[in-house]
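We did not get these values from a lab; they are worked out from the coordinates using the rules stated. Every value quoted in this text rests on a predicted model; they were computed, and no experiment measured them. Note that each Cβ is placed from the backbone with ideal geometry, even for glycine, and that neighbours are counted across all protein chains shown.
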């Protein structure tokens, strides 16, 4: 009986920890912590690009800040920002006067008033009303052309925008 009582404790003391415990302790948990810190940094850098740490990082890496909706943004930085920034669906309904339509044609939304690109018109109206937010894409769009009875055009657009 004395031998039976000593045998389990000596086996437990001499047993080595398994490979799963080693992988979890040395690879899994530290890797998870490093990944969370990296993703938190990406999130903060995308949400607050004007913070001192973001500016210092851009200065050290000799890069330029991607602030606001510009056409010359780096595609990779834009994709990262779109992944981390919250978005929402927005419905835009507006009347466009003849002068606004002519101005849109001058800005390149279409070759003529009759051939305006609805998504470009929607993006233009959104950025005019919300210059600090980014227009992401037009999900559905309808542009009613002006007629002699109603000189104003009407746009109804559902879009995904930055919150």
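For the reader, a short list of remarks on this structure follows.
- Two-site label geometry, residue 26 and residue 105: point separation in nm, points 7 Å out along Cα→Cβ: 7.2 nm
- Calculated log₁₀ intensity ratio I(q)/I(0) where the Debye formula runs over C-alpha points of the stretch 86-162, q = 0.13, 0.22 Å⁻¹: -0.36, -0.96
- Computing FRET efficiency as 1/(1 + (r/R0)^6) for residue 40 and residue 88, where r is the C-beta to C-beta distance and R0 is 22 Å, gives about 0.45.
- Gain on full stretching of the segment that runs from residue 56 to residue 129 - 0.36 nm per residue minus C-alpha separation: 23.1 nm
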